[in-house]
Structure formats: C-alpha cells, structure tokens
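Single-structure report; data block below.
Just so it is clear, none of the values below were taken in a lab; they were calculated from the coordinates. Because the structure is a prediction, the values reported are computed rather than measured.
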Amino acid sequence: MKLATWNVNSLSVRLPQVLDWLAAHQPDALCLQETKLTDDKFPHAELTAAGYESQWFGQKTYNGVALLTRTPATEVTKNIPGLDDPQARVIAGTVQGVRVIGAYIPNGQSTDSDKFVYKLRWLDALRAWVAQQVALYPRLVLVGDYNIAPEDRDVHDPVAWAGQVLCTPEERAHFKGLIDLGLHDAFRLFEQPPKSWSWWDYRNLAFRKNQGLRIDHILVTDALKAGVKSCVIDKLPRKNERPSDHAPVIVELD
DNA sequence: ATGACTCCCAGTGGGAGA
C-alpha cells in the first residue's frame with residue numbers, strides 16, 4: 001500500500017501536476033493540503049476520470065484539504081470533532097483497513113501572533129483526538145503539513161531559524177507529544193540523504209540552493225511500523241516550472 | 001532589510017504562507 005501527502009498550494013493551479021503525479025506513482029491514497037477551493041469548485045470529475053475517489057473539505061481562499069483514494073474511503077471525518085474551528089484543516093478516512101488522517105496544521109505566522117496561540121491550541125486538540133483514534137484504529141497514519149521542523153537536522157540553517165516559528169521548543173514539544181502516542185516518523189525509520197527538506201521558500205532561489213525545511217511528515221502507529229518498506233520525499237514536482245513550494249512525501253506499507 | 005515569491009481576492013494593493 002502506497003500513501004502520500006502533498007501541500008499543493010492551490011489545487012486549481014496545481015491540478016495538472018497532481019494528475020500527472022497520480023498517473024506516475026499510483027498511490028492508494030493521497031492527502032492534499034491548501035487546496036484553497038470552496039467545495040463547489042473541487043475538481044472531482046477530473047480526479048474520477050483519473051481513477052481516484054475524492055473526499056474534500058474546503059473553504060474560500062485559504063486552507064482546504066482532500067483525500068484521494070483508489071478505493072472508496074469510509075468513516076470520513078472533517079476537522080477535529082469537538083473543536084470549534086472555522087478553518088478547513090483535517091480530513092480523515094479509512095482506506096483498505098488503514099485509518100488515514102490528513103492534516104494541515106496551522107502555520108502560526110510568528111511567535112508573538114494570535115495565530116501562534118491558535119496553532120498551539122489546535123495541536124492540543126489534535127493530540128487529544130488522535131489519541132482516541134489510535135485506540136480505535138491501531139493501523140493509523142497521521143500525515144500532512146505539520147508546519148513543524150522536528151529537529152535541527154530538519155532545518156537548512158538551524159542557527160538562523162532558532163526560536164522562529166516552525167522551530168520553537170513549544171512546537172517541537174507538540175510534535176514529540178504526537179510521537180508519544182505511539183507514533184513513528186516514517187521518514188526517520190530509514191537512512192536518508194542529509195539536508196532532506198519537504199519545503200523550500202519561493203524566494204531567493206531557495207530550492208536551487210537547497211535551503212529548506214522538513215515540515216511535511218508521515219507518522220505511523222506501532223502496528224504499522226514493522227511493515228513500512230520505504231519513506232521518501234519526491235523533489236521532482238518542485239522542479240516544475242510552476243511548482244508548489246512543498247514536495248510530496250510517500251510511504252510504502254506492507 | 002520592513003525584502004525576495006506565489007496565490008488569492010480584490011481592484012491599480014494587501015494578507016498569508018513558512
């Protein structure tokens with residue numbers, strides 16, 4: 001089983017690339033973030049023609065998530081149950097016996113921002129809900145744009161980024177809080193190239209200089225860990241003429 | 001460097017992303 005996550009930064013703009021990518025990789029499930037589409041504009045017909053079922057949850061201008069699957073997803077959940085959140089950031093479904101939770105964790109903007117407070121509260125709610133979900137579904141993956149670089153080795157310039165949003169001790173403690181639920185960072189189950197990032201700023205030739213952060217992650221439960229065959233970041237789409245600033249992350253499970 | 005780039009909604013600029 002192959003699962004992937006990709007922050008596409010506008011599905012309207014990136015749909016041709018998503019269709020190409022699906023054809024090339026044929027994942028069983030692909031979680032998208034930052035679709036930036038209201039639900040009436042979601043391109044389900046094009047995805048159906050490409051062989052994918054879609055579940056989607058969007059809003060105007062910002063955020064928006066989707067779950068694309070080759071077989072229908074069941075038990076679909078949108079956003080974190082019990083959290084009053086006007087922003088469309090979570091979609092979950094059960095796919096071939098695996099609970100797939102796709103999340104677009106808030107960015108936080110800066111540590112002195114109200115958005116940072118929202119991010120930390122949102123992560124509290126996510127952890128509480130995921131704890132329940134792990135108990136219900138031992139075979140679970142939590143994937144998406146976490147907007148957290150878990151360690152200094154996930155940051156191109158840890159000195160410059162020290163204490164900055166995405167790299168603060170508070171955010172890293174939240175990441176560890178998720179790990180402590182019995183989850184494992186699939187990417188770190190394998191030897192990886194140094195300076196592996198999943199996001200590069202559009203500005204300042206960051207991709208060409210490989211100045212980025214690893215902030216898109218795939219966490220898997222204990223029950224799935226032994227069956228993880230690979231986990232890679234696919235940099236190829238970032239080389240497109242008009243790319244998302246994020247690259248897809250792919251995991252292969254038994 | 002209070003930047004850089006890209007996207008969106010708007011509307012001849014500004015917010016947000018990370």
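Fully extending the segment from residue A:180 to residue A:135, taken as 0.36 nm per residue of separation minus the present Cα-Cα distance, adds 14.9 nm.
May I ask for the percentage of alpha-carbon pairs in region A:124-198 that lie more than 22 Å from each other? Within region A:124-198, distances greater than 22 Å cover 28 percent of Cα pairs.
Per residue, the convex hull around the alpha carbon atoms of region A:60-150 comes to 114 Å³.
In region A:43-104, the ratio of gyration radius to Kirkwood radius, Rg to Rh, stands at 0.98 when only Cα atoms are counted. The relative contact order of region A:38-100, computed from alpha carbon pairs under 8 Å that lie at least 6 residues apart in sequence, is 28 percent.
If you wrap a convex hull around the alpha carbons of chain A, what volume per residue comes out, as a whole number of Å³? Kindly include the intermediate steps, with their values, before the conclusion.
Values: hull volume 30.3 nm³, N = 254.
With only Cα atoms used, chain A gives 119 Å³ per residue.
Once the mean of 1/r is taken over each pair of separate Cα atoms and inverted, region A:152-254 shows a Kirkwood hydrodynamic radius of 14.7 Å. If you take the Cα centroid of region A:27-52 and the Cα centroid of region A:167-188, the two points sit 28 Å apart. Projection of the Cα convex hull of region A:205-254, averaged over all directions and equal to a quarter of that hull's surface, yields 4.1 nm². Here the contact order of chain A, divided by its residue count and restricted to Cα pairs under 8 Å and six or more residues apart, works out to 19 percent.
Too long at a 21 Å Cα-Cα cut-off: which of A:195/A:239; A:36/A:195; A:2/A:209; A:176/A:225?
Beyond 21 Å: A:36/A:195; A:2/A:209.
Adding -39500 (n - 2.57) for every DSSP H run of four residues or longer, then dividing by how many residues chain A holds, sets the calculated 222 nm ellipticity at -7500 deg cm²/dmol.
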